[in-house]
Structures are given as structure tokens and as C-alpha cells.
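No lab work stands behind these numbers, since they all come straight from the coordinates. Quick caveat, the model's predicted, so the values are computed rather than measured. Please note: Cβ atoms are built from the backbone with ideal geometry, for glycine as well, and neighbour counts cover all protein chains shown.
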Amino acid sequence: MEAALIIFALMVLFTFLGLGVYATVKVVQATKRGVDRTITQARRTVEDTTLRAKSFGQVGVTGALAQLRLDLRTSMRSTQQALHEGVRLDASLRESIALFEQLSAHGHELDGELKRLEQDPDRQRIAERLPELRERTAKITQASDSLRWAARDRASRFAEDDLSALSARIEMESGALRDWSPESVDHLAAAAAEWDAAQQTQQTQQPQQPQQTQRREQPRKAALNPAAPAPEYPWQKARRPESTT
């Protein structure tokens, strides 16, 4: 018996230890994800600020490359945010997200190439490639902007349809509340008069019913009562008892 209790206590102890380790691992993972997300956002903010400073403060190839990267990153980030926010209310945007992920692969590839060209010392050759880079950037940003505005237009259309339907229902309800025409008033007055007449008729009939009931019960009571015995006179003979034989 004591061995069984010891084994049971050890099992409970190991169970609590396992749960504690599992909860600790989950907390550490969640904290790590939060820290990584914060670091990524901070790094992205610093990089965007640097690109914005280069695009405004420097001219030539360096400023052009910085402006291309800034336009590309801004467009892709805005589209990603719009699609992920819209898919919570409209599940049909999942296909649009799949297309955007394919577009994001081209965008990351172009952004990495532009970043490498910023460190390239051959400015003349980079200047020769600028028209091609601008064209590629324009194609990606136009496709990204098209997805973003299509998703926003779809959300706006749904909101407009819902608002129109709600406005129509409110107008119908308002019209019903304002329906005080003479016909409706006369109809209500006639219904009220009929109800009052029915109540008065019922009240007048109620006292008569007990009287009629009493009248009907009186002969019944008389019929049920036993007959009074006949008077006996002294000259009458006494009745003989009936023989049982």
C-alpha cells in the first residue's frame, strides 16, 4: 500500500514538473517571437529612414537606387497589410494573398539586387541599368497597388451595400411609425368600439345566468324531495304489517 502511494505521488510530481516545463517553453517561445518581431520592425524602420535620407540627401545613382527601394518596400508593405486585414472579413481574399506572395518573391529579389548595387563601386554601369531597374520596380509596384486598391474597393462596396440595405430598412420602419392616416385611426376606433360593446354584452348576460340556473334547479329539488306522509284519522284502521311469507 505504501509503495502504491509513493508511486502515485511521484507520478503527480512528474506530471506537474512536465506541465511547468511545457508552460516555460511556451512562454520563452512567445517572448522570443515578440522580441524578434520588435527587432525586425526596428530594423525595418531604421532602414526605411536611411533610404528616405539617401533619396532626399544624395543625387545620382545612390539617390535613385534608394528611391527605387523605398517605393518598392512602401508599396509591398501597404498591400500586405491591407490584404491581411481584409481577409479577416472576406475569405475570398485568400487567393489574392497567394498571388501577392508570388509577387513578394520578385519584390524581395529586386530589393536584394538594389541593395547590392548600392555597394557596387561601378557607378557608370549601374547608371546604364537604371532604366531596366525602374521598369522592373514599376511593374512590381503597379501589380501591388492594383491588388491593394482592388481589396479596398471590394471592402468599400460591401460596406456601401450593407449601409444601403440598412437605410432601406430604417426608412420602412420610419414610415410605419409615422402611419397616422385617418383610415388607420378610424379602423382603430371601430375596433375599440366593438371591443367595448362585447364587454358590455358580457356584463349584462352574467347576472341573468344565476337566476336562470336557480329556476331550472327548483323543480329538480322538488322532484327529489320525498312526499309528505298522508294524515291519519282516528276512524281509520291501523295498517297491518306486510307478511314476509
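Tell me, in nm to one decimal, what length is gained between ARG123 and TYR22 on full extension, where the rule is 0.36 nm per residue of separation less the Cα-Cα distance?
Gain on extension, ARG123 to TYR22, equals 30.8 nm.
With the simple spin-label model, which puts each label point 7 Å out from Cα in the Cβ direction, the ARG77 to SER174 separation comes to 4.4 nm. Each residue, ARG157 and TRP195, gets one label point 7 Å from its Cα in the Cβ direction; the gap between the two is 5.1 nm.
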